[in-house]
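First the structure, in the form of structure tokens, and then the observations on it.
Quick note: the coordinates plus some simple rules give every number you see, no bench work behind them. This structure is a prediction, so every number in the text was calculated from the model and none was measured. Note: ideal-geometry Cβ built from the backbone for every residue, glycine included; neighbour counts use all protein chains shown.
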Amino acid sequence: MSSRALFLDRDGTLMVDVGYPSQPDQVSLLPGVAEALAACTAAGYRLSIISNQSGVGRGYFGPDAVQAVHERLLELLGAQGVYIDDARYCLHAPEDQCECRKPSPLMIRQSAEHLGVDTARSFMIGDKPSDMEAGRRAGCRTILLAPNSGDVGADHVCADWAGIRRVVCEGW
């Protein structure tokens, strides 16, 4: 496998974290995300969303709400020429003790197999320690998007998507 990917958390990484988004009108992209993803795609990276959506398992909303938010996210990214190659969502609550919820690497591994990508040549990008742990356990390099955070064991910590683009595309 010579392909590579960016495995992307959703809330707080691709879009503004509003808690438990259940409506399409709650979706707004973080500044610079579309431009950075377009540059990374041009550099040969596939794109995959890897997201815990425990609002379903907690009974806050159903799977249809997750799908509606996902479709709106795809619409906003697509309008700027960015297309997601794969998406994996864990709909379980933390207490369900499922095998897919991050920090488990299962969703990353499944997506990597589906896309035919090498996790050692790929990045997991997220805003939480569980994203970094899932990425490490899957064999990815990790980037923490954390404007005001210290080190949580990530390979790189970036304050914004411009920084992420530099790390991924320019090897900073």
**Message:** Any residue at all in the range 44-56 that's under 16 Å from residue 143 (Cβ atoms), in contact (Cβ under 8 Å) with a residue 40 or more places away in the chain and assigned to a loop (DSSP other than H, G, I, E, B)?
**Reply:** no
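Anything in the range 31-41 that is farther than 14 Å from residue 123 by Cβ and either assigned to a strand (DSSP E or B) or without any contact (Cβ under 8 Å) to a residue 60 or more places away in the chain (or both)? List them, or say none.
Within the range 31-41, the first condition is being farther than 14 Å from residue 123 by Cβ, and the residues that meet it are 31-35, 38.
34, 38, listed by residue number.
Filter the range 10-24 for residues that are touching a residue at least 40 places away in the same chain (Cβ under 8 Å) and either closer than 16 Å to residue 79 by Cα or under 15 Å from the mean Cα position of the chain (by Cα) (or both); which is surrounded by the most Cβ atoms within 10 Å (Cβ to Cβ)? Let's see the steps before the verdict.
Taking the range 10-24 first, the residues touching a residue at least 40 places away in the same chain (Cβ under 8 Å) are 10-15, 17, 20-24.
Keeping just the survivors that are either closer than 16 Å to residue 79 by Cα or under 15 Å from the mean Cα position of the chain (by Cα) (or both) gives 10-15, 17, 24.
Working: 10: 23, 11: 22, 12: 16, 13: 23, 14: 28, 15: 21, 17: 15, 24: 15.
Taking the candidates together, the pick is 14.
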**Long-range neighbours under 9 Å by Cβ, at least six apart or interchain, first residue closer than 20 Å to residue 161 by Cα within the range 126-138, second in a helix (DSSP H, G or I) and of a type in the set (Gly, Ala, Ser)** = 126/134; 126/135
**Item:** Some residue of the range 132-153 being buried (at least 18 other Cβ atoms within 10 Å of the Cβ), charged (D, E, K, R) and assigned to a helix (DSSP H, G or I)
**Value:** yes
**Request:** Answer with yes or no whether residue 79 is touching a Ser or Thr at 6+ places or on another chain (Cβ under 9 Å) and hydrophobic (A, V, I, L, M, F, W, C).
**Result:** no
**Prompt:** So how many residues does the range 68-83 have that are among the hydrophobic types (A, V, I, L, M, F, W, C) and either more than 17 Å from residue 11 (Cβ to Cβ) or surrounded by fewer than 12 Cβ atoms within 10 Å (Cβ to Cβ) (or both)?
**Reply:** 2
**Request:** Pick out the one residue from 53, 67 that is within 13 Å of residue 22 (Cβ to Cβ) and either touching a helix residue (DSSP H, G or I) at 6+ places or on another chain (Cβ under 7 Å) or of a type in the set (A, V, I, L, M) (or both).
**Result:** 53
**Message:** I need the full set of residues from the range 36-56 which are surrounded by 15 or more Cβ atoms within 10 Å (Cβ to Cβ) and either more than 30 Å from residue 96 (Cβ to Cβ) or of a type in the set (A, V, I, L, M, F, W, C) (or both), in order please.
**Reply:** 36, 37, 38, 39, 40, 41, 45, 47, 49, 50, 56
**Message:** Restricting to the range 99-126, name every residue that is of a type in the set (Ser, Thr, Tyr), assigned to a loop (DSSP other than H, G, I, E, B) and surrounded by fewer than 24 Cβ atoms within 10 Å (Cβ to Cβ).
**Reply:** 104
